[in-house]
Amino acid sequence: MGITERKQKEKEIRKNDIINAAERVFFTKGYAVATMDDVAKEAEFSKRTVYVYFNSKEQIYFEIMLRGYKLLIHSLEKDLSNQQDIHALERIKQIGHTLYTFNEQYPNYFEAIVEYETGEMDFDKGITDSSREECYKLGEKVLAILIEALAQGIEEGAIRKEIDVLDTALVLWSCTIGAFTIAKRKANYIKHYHKRESKDLIFNTFELLIRSIKS
C-alpha cells in the first residue's frame, strides 16, 4: 500500500470514528440538544479535527441517516428473498412487517430516515452533492421494491390494473411514513383517549392501503 492509499484509508477510519461517536451522542442526548463539542469529546478528537471532516452537525446526521437507509434496504431485501414465491399482496404485507420490525430494532435509525422523509434535510448546509445523490439512489431502491410488488400484483390480477405503479408506490410510502410518525408522536393520546395501541394504527394503515389497491 502506497503513502497516498494509506493516508486515504486513515482518513476514512477517522471519518467513521467521528460518525460512530456522533451516533452515540445523538442517540443518547438527542440530535437537537447535542453539539459538535459533544461529538468531538466522544470521538476523542479536537473540535478542529472534527470540522476537517464535517463542516456541520447536520452533515454528520445526514451520514447517520444514510447508514440507516442502507440497513433498512438490506433488511427488506433479506426478508423478501426468503419469501420469493409469495404473491404480490403478501409481498407488500411483508414490506410493512419489515418496516415495523426495523423500527422496533433500530428506532434511532428509523427516526433519522423519517426526519429525512418528512423534511428537506438533503438541502441543509454542508450536505455534499455526493451524499445527496447517494441518498436519492437509496430512496429509489425502496421505491423500486414497492413498484416491483405492485407490477407483480397487476400481472397476477390481484391489484387493480388501472393504477399507476409509480404514483401508487409514492402514496403507499408516504402514508406508511405518516402512520409511523403519528404512532410515535401521538402514542399516549391514541392509548388514553381512544384505547388503542399505536402499533394498531400502523397495521390498520397497512390493511387499509392494501384493500384500496386490491382488484
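Bear in mind these aren't lab numbers, they're just calculated from the coordinates by the rules spelled out. Worth saying up front: this structure is predicted, and the values here are computed from it rather than measured. Quick reminder, even Gly has a Cβ in these numbers, built from the backbone with ideal geometry, and neighbours come from all protein chains shown.
Charges at C-beta only: +1 for Lys and Arg, -1 for Asp and Glu. How large is the resulting dipole of the chain about its Cα centre, in Debye rounded to 20? Let's see the in-between values first.
Details: 32 positive and 35 negative charges, 138 e Å.
Computed charge dipole of the chain: roughly 660 debye.
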0 to 90° range, to nearest 10: angle between helix 57-81 axis and the chain longest Cα axis: 40
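Viscosity 1.567 mPa s, temperature 4 °C: Stokes-Einstein D of region 1-54 from its Kirkwood Cα radius, in µm² per second? Let's see the in-between values first.
Values: Rh = 11.6 Å.
Answer from the Stokes-Einstein relation: 112 µm²/s.
I want the local charge near residue 90. Using Cβ-Cβ distances under 15 Å, sum +1 for each Lys or Arg and -1 for each Asp or Glu among the other residues. Provide the component values of the computation, followed by the final result.
Details: positive: 91, 93, 211, 214; negative: 79, 85, 148, 155, 156, 207.
Computed value for this residue: -2.
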Segment residue 193-residue 6, length gained on full extension (0.36 nm per residue, minus Cα span): 61.4 nm
Computed helical MRE - 222 nm, the chain, DSSP H runs ≥ 4 contributing -39500 (n - 2.57), nearest 500: -26500 deg cm²/dmol
Binned Cα-Cα distances of the chain, short to long, each 5 Å bin given as a whole percent: 1, 6, 13, 15, 16, 14, 12, 9, 6, 4, 2, 1, 0, 0
Point-to-point label distance, residue 185-residue 27, nm (Cα→Cβ direction, 7 Å offset): 2.3
Amide proton proximity set for residue 159, modelled H, under 5 Å, gap of 5+: 154, 215
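Just want to confirm a number: the relative contact order over the chain, from Cα pairs under 8 angstrom separated by 6+ residues, in percent.
On the way: 168 pairs, mean separation 38.4, N = 215.
Answer for the chain is 18 percent.
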Lysines whose Cα lies under 16 Å from that of residue 29, excluding same-chain neighbours fewer than 8 positions away: 41, 57
R0 of 25 Å, Cβ-Cβ distance residue 79-residue 129: FRET efficiency to nearest 0.05: 0.20
